[in-house]
1. List pairs: first residue in the stretch 1-25 and charged (D, E, K, R), second residue surrounded by fewer than 20 Cβ atoms within 10 Å (Cβ to Cβ) and modelled with pLDDT under 95 anywhere in the structure, Cβ distance under 8 angstrom, at least six positions apart or on different chains.
2. What tally of residues in the stretch 35-66 results from selecting those that are touching an Asp or Glu at 6+ places or on another chain (Cβ under 8 Å), under 12 Å from residue 6 (Cα atoms) and surrounded by fewer than 17 Cβ atoms within 10 Å (Cβ to Cβ)?
3. Tell me which residues, restricted to the stretch 2-34, are buried (at least 24 other Cβ atoms within 10 Å of the Cβ), at pLDDT 95 or above and among the polar types (S, T, N, Q).
4. Hey, can you tell me all the residues within the stretch 30-48 that are in contact (Cβ under 8 Å) with a residue 24 or more places away in the chain and more than 24 Å from residue 136 (Cβ to Cβ)?
5. Kindly evaluate residue 77 against the criterion of being touching a residue at least 12 places away in the same chain (Cβ under 8 Å), over 19 Å from residue 3 (Cβ atoms) and loosely packed, with under 13 Cβ neighbours inside 10 Å.
6. Identify all residues within the stretch 113-164 that are assigned to a loop (DSSP other than H, G, I, E, B), among the small types (Gly, Ala, Ser) and surrounded by 12 or more Cβ atoms within 10 Å (Cβ to Cβ); write none if there are none.
7. I'd like to know if the stretch 86-95 contains one or more residues that are among the acidic types (Asp, Glu) and either in a helix (DSSP H, G or I) or in contact with a helix residue (DSSP H, G or I) (Cβ under 8 Å, 6 or more places away or on another chain) (or both).
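The values are calculated or read from the model by the stated rules, or taken from the named source; none is laboratory data. Being a predicted model, the structure only gives us computed values, none of them experimental. Here the Cβ positions follow ideal geometry from the backbone for every residue, glycine too, while neighbour counts run over all protein chains shown.
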Amino acid sequence: MIVISDTSAITNLAAIDLLNLLHLLYGQVIIPEAVYSELVDIDPPVPGGVEVQTATWLEVKLITNRKTVERLQSEVRLDPGESEAIALALEIKADLLLIDERRGRAEADRLGLKITGLLGILVEAKRKNLIVSVKPLMDALIATSEFRVSSALYNQVLSIVNET
(Lines give C-alpha, C1' and ligand atoms only; values in the text may rest on other atoms or scores of the structure.)
Protein backbone atom coordinates (compact mmCIF):
# COMPACT_ATOMS: atom_id res chain seq x y z
CA MET A 1 0.00 0.00 0.00
CA ILE A 2 1.39 3.39 -1.01
CA VAL A 3 0.59 6.03 1.62
CA ILE A 4 1.49 9.72 1.36
CA SER A 5 1.24 12.07 4.33
CA ASP A 6 0.87 15.79 4.68
CA THR A 7 2.41 17.50 7.70
CA SER A 8 -0.59 17.57 10.03
CA ALA A 9 -0.95 13.82 10.65
CA ILE A 10 2.74 13.61 11.56
CA THR A 11 2.87 16.64 13.86
CA ASN A 12 -0.38 15.85 15.63
CA LEU A 13 0.43 12.19 16.25
CA ALA A 14 3.94 13.10 17.39
CA ALA A 15 2.48 15.66 19.81
CA ILE A 16 0.64 12.87 21.64
CA ASP A 17 3.52 10.37 21.31
CA LEU A 18 1.72 8.17 18.78
CA LEU A 19 3.64 8.83 15.57
CA ASN A 20 4.47 5.12 15.40
CA LEU A 21 0.78 4.43 14.66
CA LEU A 22 1.48 5.41 11.06
CA HIS A 23 4.16 2.73 10.85
CA LEU A 24 1.95 0.13 12.54
CA LEU A 25 -1.01 0.89 10.26
CA TYR A 26 0.71 1.43 6.92
CA GLY A 27 4.24 0.06 7.11
CA GLN A 28 6.00 2.70 5.08
CA VAL A 29 4.79 6.29 4.70
CA ILE A 30 6.07 8.65 2.02
CA ILE A 31 6.30 12.41 2.43
CA PRO A 32 7.23 14.99 -0.20
CA GLU A 33 10.22 17.24 0.30
CA ALA A 34 8.04 20.25 1.27
CA VAL A 35 6.45 18.28 4.12
CA TYR A 36 9.90 17.23 5.31
CA SER A 37 10.97 20.89 5.25
CA GLU A 38 7.85 21.96 7.14
CA LEU A 39 8.81 19.44 9.84
CA VAL A 40 12.55 19.99 10.19
CA ASP A 41 13.29 23.54 9.00
CA ILE A 42 11.19 25.28 11.64
CA ASP A 43 12.38 27.08 14.75
CA PRO A 44 11.17 26.40 17.35
CA PRO A 45 10.96 22.71 16.43
CA VAL A 46 7.55 21.16 15.79
CA PRO A 47 6.42 17.75 17.06
CA GLY A 48 7.69 15.06 14.71
CA GLY A 49 10.60 17.15 13.41
CA VAL A 50 13.25 15.02 15.08
CA GLU A 51 11.42 11.74 14.49
CA VAL A 52 11.13 12.15 10.71
CA GLN A 53 14.89 12.48 10.47
CA THR A 54 15.45 9.06 12.04
CA ALA A 55 12.33 6.99 11.26
CA THR A 56 13.34 4.28 8.83
CA TRP A 57 9.71 3.76 7.78
CA LEU A 58 9.37 7.34 6.51
CA GLU A 59 10.63 8.06 3.01
CA VAL A 60 11.09 11.49 1.45
CA LYS A 61 10.36 11.71 -2.29
CA LEU A 62 10.90 14.54 -4.75
CA ILE A 63 8.07 15.74 -6.98
CA THR A 64 8.76 15.62 -10.70
CA ASN A 65 5.58 17.42 -11.84
CA ARG A 66 6.12 20.95 -10.54
CA LYS A 67 3.24 22.30 -12.66
CA THR A 68 0.70 20.46 -10.52
CA VAL A 69 2.29 21.87 -7.36
CA GLU A 70 2.26 25.39 -8.79
CA ARG A 71 -1.40 25.08 -9.84
CA LEU A 72 -2.42 23.82 -6.41
CA GLN A 73 -0.59 26.71 -4.75
CA SER A 74 -1.82 29.47 -7.07
CA GLU A 75 -5.35 28.35 -8.01
CA VAL A 76 -6.42 26.36 -4.95
CA ARG A 77 -4.24 28.37 -2.52
CA LEU A 78 -2.78 25.35 -0.74
CA ASP A 79 0.47 25.56 1.20
CA PRO A 80 3.62 23.90 -0.20
CA GLY A 81 3.26 20.74 1.92
CA GLU A 82 -0.36 20.13 0.96
CA SER A 83 0.36 20.93 -2.69
CA GLU A 84 3.29 18.54 -2.88
CA ALA A 85 1.48 15.80 -0.95
CA ILE A 86 -1.44 15.90 -3.40
CA ALA A 87 0.86 16.14 -6.42
CA LEU A 88 2.99 13.23 -5.19
CA ALA A 89 -0.10 11.11 -4.48
CA LEU A 90 -1.24 11.69 -8.07
CA GLU A 91 2.25 11.16 -9.49
CA ILE A 92 2.95 7.80 -7.86
CA LYS A 93 -0.69 6.67 -7.79
CA ALA A 94 -0.88 6.45 -3.99
CA ASP A 95 -3.52 4.25 -2.39
CA LEU A 96 -4.11 6.75 0.43
CA LEU A 97 -3.37 10.39 1.23
CA LEU A 98 -3.26 11.50 4.88
CA ILE A 99 -4.49 15.09 4.96
CA ASP A 100 -6.59 17.14 7.37
CA GLU A 101 -6.98 20.68 6.07
CA ARG A 102 -10.43 21.27 4.59
CA ARG A 103 -9.35 22.92 1.32
CA GLY A 104 -6.68 20.30 0.68
CA ARG A 105 -9.11 17.45 1.41
CA ALA A 106 -11.68 18.93 -0.95
CA GLU A 107 -9.16 19.27 -3.78
CA ALA A 108 -7.72 15.77 -3.21
CA ASP A 109 -11.25 14.36 -3.25
CA ARG A 110 -12.06 16.30 -6.45
CA LEU A 111 -8.94 14.78 -8.04
CA GLY A 112 -10.09 11.27 -7.13
CA LEU A 113 -7.61 10.54 -4.36
CA LYS A 114 -8.58 8.32 -1.44
CA ILE A 115 -8.06 10.37 1.71
CA THR A 116 -8.22 10.07 5.45
CA GLY A 117 -7.32 12.43 8.23
CA LEU A 118 -6.10 12.20 11.76
CA LEU A 119 -9.45 11.12 13.16
CA GLY A 120 -9.75 8.42 10.50
CA ILE A 121 -6.29 7.18 11.49
CA LEU A 122 -7.39 6.95 15.13
CA VAL A 123 -10.59 5.10 14.17
CA GLU A 124 -8.59 2.60 12.10
CA ALA A 125 -6.04 2.17 14.91
CA LYS A 126 -8.82 1.33 17.36
CA ARG A 127 -10.43 -1.12 14.93
CA LYS A 128 -7.07 -2.88 14.64
CA ASN A 129 -6.61 -2.86 18.44
CA LEU A 130 -3.53 -0.65 18.27
CA ILE A 131 -5.09 1.79 20.73
CA VAL A 132 -7.59 1.21 23.53
CA SER A 133 -9.78 4.25 23.01
CA VAL A 134 -10.09 7.30 20.79
CA LYS A 135 -11.72 9.82 23.16
CA PRO A 136 -8.70 10.54 25.38
CA LEU A 137 -6.53 10.91 22.28
CA MET A 138 -8.93 13.39 20.66
CA ASP A 139 -9.08 15.28 23.96
CA ALA A 140 -5.27 15.35 24.13
CA LEU A 141 -5.05 16.62 20.54
CA ILE A 142 -7.52 19.38 21.26
CA ALA A 143 -5.69 20.33 24.46
CA THR A 144 -2.08 20.14 23.25
CA SER A 145 -2.03 20.54 19.49
CA GLU A 146 -4.69 23.15 18.85
CA PHE A 147 -6.48 20.45 16.85
CA ARG A 148 -9.90 21.75 15.90
CA VAL A 149 -12.88 19.44 15.59
CA SER A 150 -16.55 20.36 15.65
CA SER A 151 -18.65 18.88 18.43
CA ALA A 152 -20.75 17.10 15.79
CA LEU A 153 -17.68 15.40 14.28
CA TYR A 154 -16.27 14.67 17.74
CA ASN A 155 -19.50 12.89 18.70
CA GLN A 156 -19.73 11.13 15.32
CA VAL A 157 -16.22 9.68 15.75
CA LEU A 158 -17.06 8.50 19.29
CA SER A 159 -20.20 6.85 17.93
CA ILE A 160 -18.23 5.08 15.17
CA VAL A 161 -15.84 3.59 17.74
CA ASN A 162 -18.59 2.82 20.28
CA GLU A 163 -17.31 5.24 22.91
CA THR A 164 -20.47 7.28 23.43
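1. 6/101
2. Total meeting the criteria: 1.
3. Within the stretch 2-34, 5 is the sole residue that qualifies.
4. Here is the first cut: in the stretch 30-48, the ones in contact (Cβ under 8 Å) with a residue 24 or more places away in the chain are 30-39, 46-48.
Within the stretch 30-48, 30, 31, 32, 33, 34, 35, 36, 37, 38, 39 meet the criteria.
5. Numbers: touching a residue at least 12 places away in the same chain (Cβ under 8 Å): yes; over 19 Å from residue 3 (Cβ atoms): yes; loosely packed, with under 13 Cβ neighbours inside 10 Å: yes.
Taking the combined requirement at face value, the residue satisfies it.
6. Going through the stretch 113-164, the residues assigned to a loop (DSSP other than H, G, I, E, B) turn out to be 113-114, 117, 128-134, 145-150, 161-164.
Next cut, among the small types (Gly, Ala, Ser) only: 117, 133, 145, 150.
Once the filter is applied, which keeps residues that are assigned to a loop (DSSP other than H, G, I, E, B), among the small types (Gly, Ala, Ser) and surrounded by 12 or more Cβ atoms within 10 Å (Cβ to Cβ), the stretch 113-164 yields 117, 133, 145.
7. From the stretch 86-95, those among the acidic types (Asp, Glu) are 91, 95; that's our starting set.
Still in the list and also either in a helix (DSSP H, G or I) or in contact with a helix residue (DSSP H, G or I) (Cβ under 8 Å, 6 or more places away or on another chain) (or both): 91.
So far as the stretch 86-95 goes, yes, one or more of its residues are among the acidic types (Asp, Glu) and either in a helix (DSSP H, G or I) or in contact with a helix residue (DSSP H, G or I) (Cβ under 8 Å, 6 or more places away or on another chain) (or both).
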